[in-house]
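Notes to accompany the following structure.
Just so it is clear, none of the values below were taken in a lab; they were calculated from the coordinates. Note that the coordinates shown come from a computational prediction; the quantities given were computed from them, not determined experimentally. Note that each Cβ is placed from the backbone with ideal geometry, even for glycine, and that neighbours are counted across all protein chains shown.
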Number of protein chains: 4
Amino acid sequence: MNFASDNAAPVAPEILDAIAQANVGFAPGYGDDEWSRAVERRLSEIFEREVAAFLVPTGTAANALALAHLTPAWGVVFCHAESHIATAECGAPEFFGGGLKLCGLSGAGGKIAAADLAAALAGYGGHGPHQMTAATLSLTQASEAGTVYRIDEVTALCAIAHDHALAVHMDGARLANALVHLETTPAHATWLAGVDVLSFGLTKAGALAAEAVVFFDPARAVCMPERRKRAGHLLSKHRFLAAQFTAMLAQGRWLELAGHANAMARRLAERLTAVHLAPVWPVEANLVFVALPRRLEAWLKAAGARYYVRPSAGVAPGDRVLVRLVTSFATQEDEIDRFVDLCKNFLAQAPP
Amino acid sequence: MNFASDNAAPVAPEILDAIAQANVGFAPGYGDDEWSRAVERRLSEIFEREVAAFLVPTGTAANALALAHLTPAWGVVFCHAESHIATAECGAPEFFGGGLKLCGLSGAGGKIAAADLAAALAGYGGHGPHQMTAATLSLTQASEAGTVYRIDEVTALCAIAHDHALAVHMDGARLANALVHLETTPAHATWLAGVDVLSFGLTKAGALAAEAVVFFDPARAVCMPERRKRAGHLLSKHRFLAAQFTAMLAQGRWLELAGHANAMARRLAERLTAVHLAPVWPVEANLVFVALPRRLEAWLKAAGARYYVRPSAGVAPGDRVLVRLVTSFATQEDEIDRFVDLCKNFLAQAPP
Amino acid sequence: MNFASDNAAPVAPEILDAIAQANVGFAPGYGDDEWSRAVERRLSEIFEREVAAFLVPTGTAANALALAHLTPAWGVVFCHAESHIATAECGAPEFFGGGLKLCGLSGAGGKIAAADLAAALAGYGGHGPHQMTAATLSLTQASEAGTVYRIDEVTALCAIAHDHALAVHMDGARLANALVHLETTPAHATWLAGVDVLSFGLTKAGALAAEAVVFFDPARAVCMPERRKRAGHLLSKHRFLAAQFTAMLAQGRWLELAGHANAMARRLAERLTAVHLAPVWPVEANLVFVALPRRLEAWLKAAGARYYVRPSAGVAPGDRVLVRLVTSFATQEDEIDRFVDLCKNFLAQAPP
Amino acid sequence: MNFASDNAAPVAPEILDAIAQANVGFAPGYGDDEWSRAVERRLSEIFEREVAAFLVPTGTAANALALAHLTPAWGVVFCHAESHIATAECGAPEFFGGGLKLCGLSGAGGKIAAADLAAALAGYGGHGPHQMTAATLSLTQASEAGTVYRIDEVTALCAIAHDHALAVHMDGARLANALVHLETTPAHATWLAGVDVLSFGLTKAGALAAEAVVFFDPARAVCMPERRKRAGHLLSKHRFLAAQFTAMLAQGRWLELAGHANAMARRLAERLTAVHLAPVWPVEANLVFVALPRRLEAWLKAAGARYYVRPSAGVAPGDRVLVRLVTSFATQEDEIDRFVDLCKNFLAQAPP
């Protein structure tokens, strides 16, 4: 019953196979190899447009490199107040960006509302150089709350951003989960909706450590090689990073794996709802947030369930604890059933 | 005949096995797992002292994080002018260090001479705050020229550094090669000689991507977790980084692999010497530098040999090209023999 | 009728006299002169404790240097959401601090409430190294809203900060105005209440360009000389910076000048109140915020009044404009009377 | 007998007059005033071309802001190894530039030779992204050794720089002294010779604190206002900075003052030569470097002479001390005569 994180999951078997298959003799280092070039071509196919892609080993690196590339040091990045870049990267965007500022917008269910973005932007401009410059919008898809922006929502947010000359970044650490939910193509979910640069993550989907900064306008990537290198994120034996992408992107394997994770989350949500523990936000990806009675939560932990408790964020009443349950490609139905059965049995004996 | 780099080599089979063996079920992310804890204990055994170790995926990350941790932003790092940190990391130490300065010292065969360090330090102090502060010494062991500092040389350099209140960092991307040459223990080669912090590299030795910043005084590592995280170098599925260390450090496998690489370099050096192409610097690790006649060099390249040409650095006459040949755990004797035979045949027909 | 800013005011005559008096022959540069040493002694007298002081030409420099000195690059500075450091310094604290983060707390009348600080701090700790570290509290005294923290309020906030191992910085760009209001000593308003480092500003009080970072624990100032120098804020002809401090601090001249500014603000507030335009926040320093009917505001501007319009911040109804009126040592009673008469006459003819 | 520095000199009287004259009533802050606008127009006249100018209080700020603006964080600035930016600004260029690197070129008499620049540049390119990018050339005019680049030398260096796509910065802390020596116009000495951005210093010439970053192509200055502001170098009462420029630039006063300083240096050089203490480098500006016998140097110091001793730099024999003597607008002939008489008398009694 490990629902702690998609990072707690193992690696999909095909990833290890792909790494082993790339381990044949010598190959140029630092990305100047056939595997790496093939990945860039493959990403261009998948996104239906020529892209420039920079593979890195962590999502924090992808996000921070992307944001630093798009934002001057005196620039502001607008993001959700609870986004990963704002709360869980120890200031990586600020560090890579030479002191840029994140402006965290609140928003129900982990999503920024267009009106809130517009209102925040209205406060910028006209007070330079005293005020920092509005520069970039960063959207997390799927969001940290397990919700997914609809395509029209992304489009509207990007339009507002572009109207104010902002660049748009998407943190796609869980892009696969979002695509499965949206039943749309990678192109429609990103650049066709207005996204300029994507952090494209496959680690949470099942890779070992495989993330990429994807530029939908390759011309915008000038000097990105230097930026990645001086951050220590250009891997020497780069082919093994590339091989992970190849394996995941073959025959839509990344979407299959994400589909399983999403299905497990839905199952968990449905069964929790059935025992009167409905999730607090719509379950659209692989995250389920539920407000548990405190005694139940203690009981589950004692029974060996693994998950993180989150600040209540106003959605959990005082006598309840907000719990985040994450599913992954490796989550099994019986774990879910066992978890919900524990809840059910506890509540039968000790109704809240 | 691939002598381009130890990074062009594949991964040792036991590394892939270890990764596969770690791929069992769920485990906490970000280093809070059994594999990661075991590595820190194992490193403490190997260095015969309690250490704090921070695993990262690249040598550039290890170096830059270590130097930034030891050096204030207004500090100077003394290093060899041709060291990796000074020439091949695109300014990573300066970036991570908030604008610190590298002071490159020249020195025969890639090694800093004690007298040169002392002379450089004599120019610091007494002119603050206008002048930057002498803060850190960084030694590369084995050096970029394929030479190895003797223990007494390291000891003398560290003593000078400590007398001036400098910290000492060692870039040990090829520490294994140096240890094999020195026939000494990791402890004697590092902290017993005065090294404070080590970049401990296993990637060049045969791992996929496995480097560590090792603090011989764990108290000195305060805030290093934050520093690594905000640089994007804390891997989420950290156990797979740890597993590589475990595999390499088991039964001295890292030293065995380095021993092979060193032996191949020696063989190459000896056979080149036999055809009157003696290396320009002592061959003490896995790097062989040789000044080739220009036409021979073109011939070798056309014949498929892979290596890098380096600036002559005053050791190659005008009609010759300085060539760097790197061996690795994967280098085979027959590649060496074939390469030297090509040289021999060419020179027989067209003596320089 | 210039109420734009205390920075729009001229320089007090004694400042120019002091500069002229310091202009006698040669003197060592960069602060190694008698004038500069005397200022540090004088500040120690005024604060009734040995201090270390670093003179700089701007308040932004003082704030950013102080915050960067107290806060690691992965640290969070808690401040009021509308504070100068958060809204009007173009990211200087983030830049000097290598990417530190400002966490802006809301609070009525420009002041942080102790409960809000405590609540914000409750969210930190236990999630490292993913989350940034709570590091510093910055209080603005007098506040940007023209209010003044009472001594017991400062004491309570500092106590909370210190309980959480935070350092406390005070932005004292208008410290003189606060002291006059509080009728207390510099010592009681700062270190006796728990402040660790002060940005001590005299420019707004009437100097040409004279600010200082004051450390109440001189030991904490280690490396501050290097920090100031590399930021370009160590003036070469430093005696002319020091002379301004000497002039202002002689016989309490700085407090006299601030007393005049405060009195003018009170007069303005009282007379505005009399015409039913009461200020929106208590007028305790030299700033008056008033919500003017839009047509009156346009009329005043056309009549030559100078001031800034501010975002309504929820205190100005939709048909009104929030106007900031700043008085200074140079403000004359007749300007105030003329301004209020304009309001009165307009309202008599066109009541809101 | 104060030859310590042009920064040890007082302020020219007309500077104080100008500051007093600007002290009339209220004026907008932060450079939005008539005095500031007039300075930009005046600089455009003097340089015979529309320029964008950013006034700052220190030369370090001007240099560091200019270099950071021209150079990416992964870029290299080529400068003389003994230049002020490399030795006396505590890493300000590296700090402002986010970790850029200075590459110090040696060169006789403080000047970079065209061949040396070309040789250094030959080592760049083709090794990216591992190697930093050659980005900027910084020339110091007059040089730290008191020599002056001839116009054709500047032209040749700029041409090499531009051929390699480098920007050219000139550190003109002593530009006035150079212009007087060259008997040329500001335009010919700068942009007509290829300089892109100038640090234009008037403090050493006699101002209180008055430096500017001058862009000869105003379009290149985009975002420079933000860069200056967030560095804390936008003065609030900016008119008093502007007034200094106005006073110095009126009727060529800056050149007159520099002319006096140069004449005093020439007199010092000639008289020292007459007593067999010829300067070690050509005296072309207001700096005289002379290798004094150690006992004479001690004698002079005891007699009250003020100056700095510099590292011998290979030009002072072992029994001599390299002394730097700086003249300024305030240097009087009798000081020079007294100093040389002391030398003469000492040598008469104790010949070296």
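Ranking of A:HIS130, A:HIS181 by neighbouring Cβ atoms within 10 Å, starting from the fewest: A:HIS130, A:HIS181. Structure remark: mean-square fluctuation, Gaussian network model of chain C, C-alpha springs under 10 Å; the largest value among C:GLY125, C:GLY98, C:GLY201 belongs to C:GLY125. Using Cα centres only, tell me the gap between region D:272-332 and region C:47-105 in whole Å. Spelled out, the Cα-based centre of one part sits 43 Å from the other. Ordering A:THR273, B:THR155, B:THR331 by the number of other Cβ atoms within 10 Å of each residue's own Cβ, fewest first, gives A:THR273, B:THR155, B:THR331. With contacts taken as Cα pairs under 8 Å and at least 6 residues apart, region D:29-153 reaches a relative contact order of 24 percent.
The equivalent ellipsoid that matches the C-alpha gyration tensor of region C:61-100 spans semi-axes of 15, 11, 9 angstrom, in descending order.
The residues neighbouring B:LEU277, those whose beta-carbon lies less than 12 Å from its own, together hold a net charge of +1 under the Lys/Arg +1, Asp/Glu -1 convention. Taking the Cβ of C:GLU50 as the center, what net charge do the other residues with Cβ under 13 Å away carry, scoring Lys and Arg +1 and Asp and Glu -1? Residues close to C:GLU50 contribute a combined charge of 0.
Count Lys and Arg as plus one, Asp and Glu as minus one, and take only other residues whose Cβ is under 15 Å from that of B:ALA114; the net charge is then -2. On the basis of the beta-carbon distance and an R0 of 60 Å, A:ASP17 and D:GLU34 show a calculated FRET efficiency of 0.25. Distance distribution P(r), chain B, all Cα-Cα pairs, bin width 20 angstrom from 0: 31, 55, 14, 0 percent. What residue among A:ALA73, A:MET170, A:ALA221 has its Cα farthest toward the positive end of the dipole of chain A, where the charges are +1 on Lys, Arg and -1 on Asp, Glu, each on the Cβ? My answer, from the dipole projection, is A:ALA73. What the Cα convex hull of region A:238-308 gives, in volume per residue, is 123 Å³.
Start at zero, step by 5 Å, and the Cα-Cα distances of region D:207-352 spread as 2, 8, 14, 16, 13, 10, 10, 9, 8, 6, 3, 1, 0 percent across the bins. From the Kirkwood radius over Cα pairs of region C:157-257, Stokes-Einstein at 25 °C and 0.890 mPa s returns a whole-number translational diffusion coefficient of 166 µm²/s. In plain terms, the residue of A:ASP217, A:ASP33 with the fewest other Cβ atoms within 10 Å comes first and the most crowded comes last, giving A:ASP217, A:ASP33. Shortest first, C:GLY25 label-point distances to identical copies amount to 4.2, 8.3, 8.5 nm, with the label point at 7 Å from Cα along Cα→Cβ. Distances from B:ASP341 to itself in the other copies, using label points 7 Å out along the Cα-Cβ axis, amount to 6.9, 8.9, 10.9 nm in increasing order. Cross-link pairs exceeding 30 Å between alpha carbons, from the set A:LYS101/C:LYS301; D:LYS204/D:LYS301; B:LYS301/D:LYS101; A:LYS111/A:LYS204; C:LYS237/D:LYS111: A:LYS101/C:LYS301; B:LYS301/D:LYS101.
Distances from D:CYS223 to itself in the other copies, using label points 7 Å out along the Cα-Cβ axis, amount to 0.7, 2.7, 2.8 nm in increasing order. Here D:SER44 and A:ILE151 are evaluated by their C-beta separation; at R0 = 56 Å the FRET efficiency comes out at 0.60. Compactness ratio for region D:59-177: Cα radius of gyration over 2.2 N^0.38 Å (N = residue count) comes to 0.97.
Copy B relates to copy D by a rotation, and the B residue whose beta-carbon is nearest that axis, with the distance in whole angstrom, is B:GLY99, 3.
Estimated purely from DSSP H runs of n ≥ 4, each contributing -39500 (n - 2.57), the mean residue ellipticity at 222 nm for chain B is -12000 deg cm²/dmol once divided by its residues. What the pair-distance distribution of the protein assembly as shown shows, using all Cα-Cα distances binned every 10 Å from zero, is 2, 8, 15, 19, 20, 16, 11, 6, 2, 1, 0, 0 percent. Only helices reaching 30 angstrom along their own axis (Cα) with mean Kyte-Doolittle hydropathy no lower than -0.5 count here, and for the DSSP H runs of chain B these are B:253-274.
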